[in-house]
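The values are calculated or read from the model by the stated rules, or taken from the named source; none is laboratory data. Fair warning: this is a prediction, and the values are worked out from it, not measured in the lab. Cβ placement follows ideal geometry from the backbone for every residue including glycine, while neighbour counts extend to all protein chains displayed.
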Amino acid sequence: MVLELMGVRLMGPHFGQSQIVWTNVIGVVLASMALGQWWGGRLAESGAAGRVVIALLLAGVFAAVLPELIPWMASLSMPGDLRLDEAAPFVTRGSLLVALLALGLPLFALGVVTPCLVRLSRGVEAHPGAVTGRLLGLGTLGSLVGTFGATHVLLPSIGSAAAMRTGAGLLIVAACVLWGAGLRARRRAAALCLLPLLAVVLPAPELIGDVTVLEARDTSYQYVRVLENAEGRRWLALNEGLDSFHSVWTPGELLTGDYYDAFLLPALLAASTSSGNSGSVSERPREVLVIGLAAGTMARQLQALDPEAAITGVELDPSLIEIGERWFGLPENVETLGGVDGRVVLEQSRRQWGSILVDAFSSQIYVPPQLASVEAFEALRQRLVPGGWVALNLSARGIEDPVAHAVIGSFARVFPGAGFLRVPGTRNLFVLGRRGGLSERPPAAATLTLSGAGLLPALSWLLDPGAWAAAPQLSPTGVLRDGLAPLEELAHRSWVGEWVAQASPNSPARTVRVSPTRQLEMARAALRRTEWTLAASILEAPASSMMTPSELAQRDLLLGNIAFERSEWREAHAAYSAVLAHATGDGAVESAARQNLQYVTDSERLAGQRKREAARLTWILGAVATLTLLAWVGMWRRAAT
């Protein structure tokens, strides 16, 4: 259990700790143990049960090098400049390959131990059931000690690498206790102790770019790094990180230029709560709850704008609160709830807040299932004062992304009139709702609020009505509920490009005759709302036949942008090339087409490279699995004969 749990933690900085990674590791553990137990039974019946010493020593010395071996192997299977939206095949196949090669051998060796110990035990001939049951019971108790000891004692006190080596040391000590094999076997076993020295020659993986690691640590939940670039900008990277981060801080700057800034709008719109007795009523400061505090970027921004605000931050990993105070300027007067899940706070608390900001993520990709269901959104509504605001951050390409479609649609079941928009230059969607319903997007008070806070120029994109879109209407079977929120599957569908079409066959441009100019305007508006299918349907309307060469170039530019959003590189390449073929003399359109064409060419080349690397990884994994299966079959046949 120490090897399994700490193996996942050592893989976390490279592959994360998603359900996919856990499934791969647990599968390898079970398969390796099963193969080892079968082989151990064969050894026990052949009179070679004394070789259990070699098995224990082999498991121990190999486990001792895993803190160096796993990062080295992971760096070979994960491209250094990988983006988060490209990572799915490398995480799935790479984590399985590394688990198979790194954890397979020591766990196979551990599987050999139990059958050999049964054979070596006293009284096994007379009472085989009692002996076997006693050994299995003690082994299970040992697994419990390893499970709780690794997570609650070793990991927080000495870290995952030292915890792994502690487990390795215990195995080597056990081998020494059972040292009873012949001289030749002893020599072979002693030679195995030299294996850890080979780890010295393994190169350590390096960070890409001009980045300084200010702090790196294992917490009880994840692997955490605080990174800083040459300009002094800091960000918080969790587990594999890639191009994703969870808090940011720039010296002397309030705004981040990222999605965090959008959350200032619902925070400043927070409805005030009232208190009073004996008939008197007084207004209290605005109260804001942040679920997914991380290192406190949103709390720091709001406190700087409104020092009187009562901010409560919920963070599952309490170590991030300490890191926020040390590196990210998290104010001391922010009330923090560390070590507790946001859903627990929503269910158990009796407080109400004027606004609730949800920025919780699971495995870098999606809102955790327990915070994405209709029941969770109902709990959110109960924790808001009447007229209170709630905002949600989603990582998705647009409303046709299966994850965004399901989460936003479920959100709108509880918050009528909910709307969303894409944060410019990011893959983040900002979702806004209000207890009592949201009638306008953006809300009528948004301009006055942002202007009063001095944020109007920087956040003017929040005030563009054309960028806001209404939440989709889901059927009862499509709504996410507790126990039925398959976000991993939805994320996979997003990665393979299974979009959820938002347009009906009869688009507005088909049913109502419009001018080419109006047609282009409608398509641009749909594209800003990430309604790609609707935008494409509008551009295919009959009005296209009346377009001038300049309007045709604009249409093709929009079609290229739609294909680009969907990562359909060939279609985007053809559309941008068509823009240049029109030769309209429109410098702005042609310049945009050339720039986008170059970007698409680079993306297409990179996508092809990623596919080749993923295919190579698949071939390697297949070869390793095939060799393992052939070895298993060969041993089975030899045993049968």
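Within region 218-256, can you find the residues that are closer than 23 Å to Leu392 by Cα, free of Cβ contacts under 8 Å to residues at least 40 places away in the same chain and more than 14 Å from the chain's Cα centre (by Cα)?
Answer for region 218-256, where residues must be closer than 23 Å to Leu392 by Cα, free of Cβ contacts under 8 Å to residues at least 40 places away in the same chain and more than 14 Å from the chain's Cα centre (by Cα): just Trp235.
Quick one: which helices (runs of 4 or more DSSP H) lie wholly within region 532-605 and hold at least 3 residues that are surrounded by 16 or more Cβ atoms within 10 Å (Cβ to Cβ) and of a type in the set (Lys, Arg)?
Here the list is empty.
For a quick check of your reading of the model, give me the residue pairs whose first member lies in region 156-179 and is in contact (Cβ under 8 Å) with a residue 24 or more places away in the chain and under 17 Å from Tyr221 (Cβ atoms), whose second is not small (Gly, Ala, Ser) and not in a helix (DSSP H, G or I), with beta-carbon atoms closer than 7 Å and at least 6 apart or on different chains.
As it stands, the answer is Gly159/Asp218; Ser160/Asp218, since those pairs meet every condition given.
Kindly check whether there is at least one residue in region 246-263 that is in a loop (DSSP other than H, G, I, E, B), of a type in the set (Asp, Glu) and modelled with pLDDT under 85. Can you show your working first?
Step one: list which residues in region 246-263 are in a loop (DSSP other than H, G, I, E, B), which gives 246-247, 250-258.
Applying the additional criterion that residues be of a type in the set (Asp, Glu) yields 253, 258.
Cutting the leftovers down to modelled with pLDDT under 85 gives us none.
The answer is no; no qualifying residue exists.
Quick one: which helices (runs of 4 or more DSSP H) lie wholly within region 117-235 and hold at least 2 residues that are modelled with pLDDT of 85 or more? Full working, then the answer.
Working: elements: 128-149, 155-177, 183-192.
Result: 128-149, 155-177.
Can you run down the residue pairs with Cβ atoms below 6 Å, 6 or more apart or on separate chains, where the first is in region 593-610 and assigned by TED's automatic domain parsing to the domain that holds Val579 and the partner is at pLDDT 85 or above and of a type in the set (Ser, Thr, Tyr)?
Close Cβ pairs satisfying both conditions: Ala593/Tyr576; Asn596/Tyr576; Leu597/Tyr576.
Of the numbered conditions (1) surrounded by 13 or more Cβ atoms within 10 Å (Cβ to Cβ); (2) within 26 Å of Asp258 (Cα to Cα), Leu480 fails exactly one; give the number of that condition.
Result: Leu480 passes all but (2).
Only one of Ser494, Ser475 is within 29 Å of Arg343 (Cα to Cα), hydroxyl-bearing (Ser, Thr, Tyr) and surrounded by 17 or more Cβ atoms within 10 Å (Cβ to Cβ). Can you tell me which? Don't jump to the end; show me each part of the working.
Details: Ser475 fails: surrounded by 17 or more Cβ atoms within 10 Å (Cβ to Cβ).
Only one candidate passes the filter, namely Ser494.
Do any strands (runs of 3 or more DSSP E) entirely within region 281-384 hold 3 or more residues that are touching a residue at least 60 places away in the same chain (Cβ under 8 Å) and buried (at least 20 other Cβ atoms within 10 Å of the Cβ), and if so, which? Steps first, answer last, please.
Values: elements: 287-291, 310-315, 335-338, 353-358.
The qualifying strands (runs of 3 or more DSSP E) are 287-291, 353-358.
With at pLDDT 80 or above and within 22 Å of Arg493 (Cα to Cα) as the only criterion, which of Thr530, Thr601, Thr517 stands out? I'd like the intermediate steps shown before the answer.
Values: Thr601 fails: within 22 Å of Arg493 (Cα to Cα); Thr517 fails: within 22 Å of Arg493 (Cα to Cα).
After applying the criteria, what remains is Thr530.
Looking at Leu330, Leu346, Leu316, Leu302, which one is under 27 Å from the mean Cα position of the chain (by Cα), in the same structural domain as Arg383 (by TED's automatic domain parsing), hydrophobic (A, V, I, L, M, F, W, C) and within 16 Å of Leu269 (Cα to Cα)? Full working, then the answer.
Values: Leu330 fails: within 16 Å of Leu269 (Cα to Cα); Leu346 fails: within 16 Å of Leu269 (Cα to Cα); Leu316 fails: within 16 Å of Leu269 (Cα to Cα).
Going through Leu330, Leu346, Leu316, Leu302 in turn, the sole match is Leu302.
Kindly list the number of the only condition in (1) of a type outside the set (Phe, Trp, Tyr); (2) at pLDDT below 85; (3) at negative phi; (4) in contact with a Ser or Thr (Cβ under 8 Å, 6 or more places away or on another chain) that fails for Gly16.
Failed condition: (3).
Here is a yes/no grid of residues against (1) of a type in the set (A, V, I, L, M); (2) more than 30 Å from the chain's Cα centre (by Cα); (3) surrounded by fewer than 13 Cβ atoms within 10 Å (Cβ to Cβ):
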| residue | (1), (2), (3) |
| --- | --- |
| Asn428 | no, no, no |
| Leu462 | yes, no, no |
| Ala467 | yes, no, no |
| Glu489 | no, no, yes |
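Does region 1-49 hold any residues that are among the small types (Gly, Ala, Ser), assigned to a helix (DSSP H, G or I) and crowded, with 18+ Cβ neighbours inside 10 Å, and which are they?
The first filter runs over region 1-49 and keeps only residues among the small types (Gly, Ala, Ser), leaving 7, 12, 16, 18, 27, 31-32, 34, 36, 40-41, 44, 46-49.
Cutting the leftovers down to assigned to a helix (DSSP H, G or I) gives us 7, 12, 27, 31-32, 34, 36, 40-41, 44, 49.
Of everything in region 1-49, those that are among the small types (Gly, Ala, Ser), assigned to a helix (DSSP H, G or I) and crowded, with 18+ Cβ neighbours inside 10 Å turn out to be Gly7, Gly12, Ala31, Ser32, Gly36, Gly40, Gly41, Ala44, Ala49.
Return the residues of region 430-460 that are surrounded by 14 or more Cβ atoms within 10 Å (Cβ to Cβ) and part of a loop (DSSP other than H, G, I, E, B); say none if nothing qualifies. Steps first, answer last, please.
The first filter runs over region 430-460 and keeps only residues surrounded by 14 or more Cβ atoms within 10 Å (Cβ to Cβ), leaving 430-436, 438, 441-443, 446-447, 449-450, 453, 455-456, 458-459.
Scanning region 430-460 gives Arg435, Gly436, Leu438, Arg441, Pro442, Pro443, Ala453, Leu455, Leu456, Ala458, Leu459.
Can you give me the number of residues within region 406-429 that are in a loop (DSSP other than H, G, I, E, B) and of a type in the set (A, V, I, L, M)? Walk me through it before giving the result.
First pass over region 406-429, keeping only residues in a loop (DSSP other than H, G, I, E, B): 415-418, 423-427.
From what's left, of a type in the set (A, V, I, L, M): 418, 423.
Number of matching residues: 2.
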